[in-house]
Each structure stands twice: as structure tokens, then as C-alpha cells.
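Q: Before I ask anything, let me first share the structure, which is written out below as C-alpha cells.
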Amino acid sequence: MSLTLMSPAFADGQQIPTKYARDGENLFPPVKWSGPPENTKSFVLIVEDPDAPRGTFRHCGIFNIPADWDGLPESIDTKPGSGPRFAKNDFGDARYDGPQPPKGHGTHHYHFRLAALDVPHLAVPGSAGVAHLWKEARKHALAEAELTGTFEVH
């Protein structure tokens, strides 16, 4: 079985609901996964928009997700207590910030990318940013899965 990623909030290739957009409630959408490789020790999930006017824009980076988890709940970034860590996104926040494409810029594609890792923790400072986090994660990736949602501001 291969690693798969899905969301109960939107189907692959479909519009992300406004409540998960930065101008909506800016909530992290719930995601679920299945089929991780047997020796998975942790997960990393990033959200990026390659359609941004100045190149790929990274909205979220979550790492050190425990191997026994099979998803992330809505608003994981606002839950109290210890849990996964967050890298600084391109808005400068160590949390999720949802879609916010420029008005009239057309449909943007938001790639939720999950990697199953062979290490329990990545020693990456949260301030390093999502791009650096993903680069480090890929060095330890056993498998990857992707879910794409769209968003457009008219």
C-alpha cells in the first residue's frame, strides 16, 4: 500500500472552502493519511502555492509529527499543549496561513505535501522556514503523498 493523503474538507483538485482561506477563518483544514511505510518514524507536512506571482509561496510547514498519527485535526496550529512543531511560513508566521491569492490572478493550486520519514525528529529551527524544512525532510523521506486544493479570489 502506498502513502495517500486526503482531506474531509475538500477533494483532490477541488476548491478549498473559504473558512480555510486567510481572508476567511484562516483555519488549518483537517487532513488524513494512510499507507505509511512500515519503518516510518515521523511525518512532515507542508502547504505551498507554486502559482504565486513571485514564485512558490509556502503557507505552512509542520514537522516532528509522531509516527502513530494518521492525520491532523482542523486548527492543529491553535491547539494548546505539546505536539508537532511549525516552521516559519512565507508570511513570517510559525503556523498555518491559508490561501490568499491576488484578486483576479486566476486559480491557484495549493499543494499539501506529506513525507513519511525514517527519523523521529528533524533538528530544524522553526525560524529556518518551510523551504529549508522540506529540503531537510526529503533527505529522510521513505514515501511522499500529495493533495492539491484550489482557490481563487474574483
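Q: Considering only protein heavy atoms and a probe of 1.4 Å, how much of the accessible area of the range 69-117 is carbon and sulfur, as a whole percent? Please list the in-between numbers first.
A: Numbers: 1040 of 2230 Å².
Its accessible area is 47 percent carbon and sulfur atoms.
Q: Label Asn39 and His154 with points 7 Å out from Cα along Cα→Cβ: what is the distance between them in nm?
A: Reported label-point gap for Asn39 and His154 is 5.2 nm.
Q: Computed over the Cα atoms of the chain, what is the convex hull's projected area averaged over all directions, in nm²?
A: Numbers: hull surface 33.7 nm².
So the Cα hull casts an average projection of 8.4 nm².
Q: With a 1.4 Å probe and all protein chains left in place, how much accessible area per residue does the chain have, in Å²? List each step's numbers first, then the result.
A: Numbers: 7400 Å² over 154 residues.
Per residue, the chain has an accessible area of 48 Å².
Q: Given charges of +1 on the Cβ of Lys and Arg and -1 on the Cβ of Asp and Glu, with all other atoms neutral, how large is the dipole of the chain about its Cα centre, in debye to the nearest 20?
A: Details: 15 positive and 19 negative charges, 70 e Å.
Computed charge dipole of the chain: roughly 340 debye.
Q: Suppose we keep just the DSSP beta bridges with both residues in the chain; what percent of those would be antiparallel, to 5?
A: Values: 31 of 32 bridges.
Close to 95 percent.
Q: With a ≥ b ≥ c taken as the square roots of the eigenvalues of the C-alpha gyration tensor of the range 88-154, please select rounded if a/c is under 1.5 and otherwise prolate if a/b is larger than b/c or oblate if it is not? Could you put the intermediate results ahead of the total?
A: Values: a/c = 3.57, a/b = 1.71, b/c = 2.08.
Since a/c reaches 1.5 but b/c is at least a/b, the shape of the range 88-154 is classed as oblate.
Q: For a quick check of your reading of the filter: which chymotrypsin sites (Phe, Trp or Tyr not before Pro) in the range 1-106 sit in a DSSP loop and have no more than 16 other Cβ atoms within 10 Å?
A: Numbers: sites: Phe10, Tyr20, Trp33, Phe43, Phe57, Phe63, Trp69, Phe86, Phe91, Tyr96; in loops: Phe10, Trp69, Phe91, Tyr96.
Answer by residue number: Trp69, Phe91.
Q: Just want the answer: with Cβ charges of +1 for Lys and Arg and -1 for Asp and Glu, which residue in Ser75, Phe63, Ala87 is farthest toward the dipole's positive end in the range 49-88?
A: Of the options given, the answer is Ala87.
Q: Among the trypsin sites (Lys or Arg not before Pro) in the range 31-68, which ones are in a DSSP loop with at most 10 other Cβ atoms within 10 Å of the Cβ? Mind listing them? Working shown, then result.
A: Values: sites: Lys32, Lys41, Arg54, Arg58; in loops: Lys41, Arg54.
Of the trypsin sites (Lys or Arg not before Pro), the ones in loops of the range 31-68 whose Cβ has at most 10 other Cβ atoms within 10 Å are Arg54.
Q: Please give me the summed charge of the neighbours of Leu142: other residues whose Cβ is under 10 Å from its Cβ, Lys and Arg +1, Asp and Glu -1. Mind dumping the intermediate values first?
A: Values: positive: Lys41; negative: Glu38, Asp118, Glu144.
Result for the neighbourhood of Leu142: -2.
Q: OK, next. List the longest stretch of the chain that has no exposed loop site; here a site is one of the GluC sites (Glu not before Pro) assigned by DSSP to anything other than H, G, I, E or B, with at most 15 other Cβ within 10 Å.
A: Values: sites that count: Glu25, Glu38, Glu152.
It runs 39-151.
Q: List the trypsin sites (Lys or Arg not before Pro) within the range 96-135 that fall in a DSSP loop (any state other than H, G, I, E or B) and whose Cβ has at most 10 other Cβ atoms within 10 Å. Present the calculation step by step, with values, prior to reporting the outcome.
A: Numbers: sites: Lys103, Arg113, Lys135; in loops: Lys103.
When the trypsin sites (Lys or Arg not before Pro) of the range 96-135 are filtered for loop state and at most 10 Cβ neighbours within 10 Å, Lys103 remain.
The values are calculated or read from the model by the stated rules, or taken from the named source; none is laboratory data. This structure is a prediction, so every number in the text was calculated from the model and none was measured. Neighbour counts run over all protein chains shown; Cβ positions are idealised from the backbone, glycine included. These accessible areas exclude ligands, DNA and RNA; they are computed on the full protein's heavy atoms, side chains included. Shrake-Rupley method; radii C 1.70, N 1.55, O 1.52, S 1.80 Å.
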